Ligand SMILES: Cc1cn([C@H]2C[C@H](O)[C@@H](COP(=O)(O)OP(=O)(O)OP(=O)(O)O)O2)c(=O)[nH]c1=O
């Protein structure tokens, strides 16, 4: 039996993988999430995803380990998780009425090989009034999410259009991840 480990403390990533009825374990990977600001968004998310997967793989070398990272890029600015409500308001003001890109990097380390890839999804927001932003931030939803919103929650009300993988915005591009797992030799029930 091959062990599958999700190297993440994100409840969303756990729920997404659970939706596929796979047996897996969770190992949180407390890695340094700083990055070189000169790197491209795809380099940033792939590098962080790899760091998270490697951290856990070192302790579990016989397992298949999945690490993932999500950032939002708007007007050339990289947005991670807001530190507080004020930062969340600023991020949402920046996203209002525009299209931004959500990048999710995924790294899968298998016992003898590994792969790293990213997905980019474009998300267009409605024009948001200050009141819209204030009431959304007061739900508390933005604080632990890149770009200060969750498309899977009340944040869906901010979204006018998306182009790309919805699940990648939530934190894990599911179908691509499963295809890559299969490619690496993980025994899937489907
Ligand atoms: C844009 C967006 C992000 N997010 C979340 C996904 C990620 O959990 C989070 C971005 O932070 P990450 O640093 O990618 O992940 P994390 O710190 O939550 O978990 P870990 O590093 O342990 O894997 O933002 C949503 O849940 N919905 C959204 O619509």
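Where a number appears in this text, it was derived from the coordinates with a stated rule and is not lab data. A quick note: this is a predicted structure, and the numbers were derived from the prediction, not measured. No Cβ is skipped: glycine too gets one built from the backbone with ideal geometry, and neighbour counts run over all protein chains shown.
By the count of neighbouring beta-carbon atoms within 10 Å, fewest first, 180, 18 end up ordered 18, 180. Rg of the Cα atoms in the chain, relative to 2.2 N^0.38 Å, amounts to 1.03. If you average the C-alpha positions of segment 6-61 and of segment 114-190 separately, how far apart do those two centres end up, in angstrom? So the separation of the two Cα centres works out to 15 Å.
Across the chain, the relative contact order, built from alpha-carbon pairs under 8 Å that are at least six residues apart, equals 22 percent.
The GNM of the chain, with springs linking C-alpha atoms under 10 angstrom apart, assigns the highest mean-square fluctuation among 61, 82, 173 to 61.
Per residue, the chain reaches -9000 deg cm²/dmol at 222 nm when only DSSP H runs of four or more residues are counted, each adding -39500 (n - 2.57).
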